[in-house]
Amino acid sequence: MAHRIRSSGKSATETGEVSQDVWFDNWEKGLDLWELARHYLRTDTTISLLWFDSDDLPEVEVSRFGARIQDDGGLAELTGELPWPGRSRRR
């Protein structure tokens with residue numbers, strides 16, 4: 001969308017649904033990505049605002065560097081309840 005209004009050669013604003021692969025690599029398919037693009041001819045500047053509907057956001061955990069965190073199963077989550085001691089004693 002941003003490319004289209006920039007190549008039109010005039011100041012313009014457009015809003016619409018776009019394909020995720022236009023903006024993101026290795027992103028989940030099938031999500032509705034929206035773009036608000038605006039081109040300013042006088043300063044030759046184009047800006048785009050991208051967003052997903054909150055219901056469509058993928059539930060992917062990422063690190064503070066933006067890398068996906070893969071769940072390897074790991075340890076079970078702690079519940080805060082201690083197990084009842086068994087009959088055997090440690091030696």
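The values are calculated or read from the model by the stated rules, or taken from the named source; none is laboratory data. This structure is a prediction, so every number in the text was calculated from the model and none was measured. All Cβ positions, glycine included, derive from the backbone under ideal geometry; neighbour counts span all protein chains shown.
Here are the numbers for the structure shown:
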item: Meets criteria (of a type in the set (S, T, N, Q), surrounded by 10 or more Cβ atoms within 10 Å (Cβ to Cβ) and modelled with pLDDT of 75 or more) for S63; result: no
item: Every residue from segment 33-44 that is surrounded by 11 or more Cβ atoms within 10 Å (Cβ to Cβ) and free of Cβ contacts under 8 Å to residues at least 24 places away in the same chain; result: L33, W34, L36
item: Residue count, segment 4-32 (criterion: assigned to a helix (DSSP H, G or I) and either surrounded by 12 or more Cβ atoms within 10 Å (Cβ to Cβ) or among the charged types (D, E, K, R) (or both)); result: 6
item: Residue tally, condition over 25 Å from the mean Cα position of the chain (by Cα) and under 8 Å from E35 (Cβ atoms), over segment 2-20; result: 0
item: Test: residue in segment 72-83 that is out of contact with any Asp or Glu (no Cβ under 6 Å at 6 or more places or on another chain), modelled with pLDDT under 75 and either part of a strand (DSSP E or B) or among the basic types (K, R) (or both); result: no
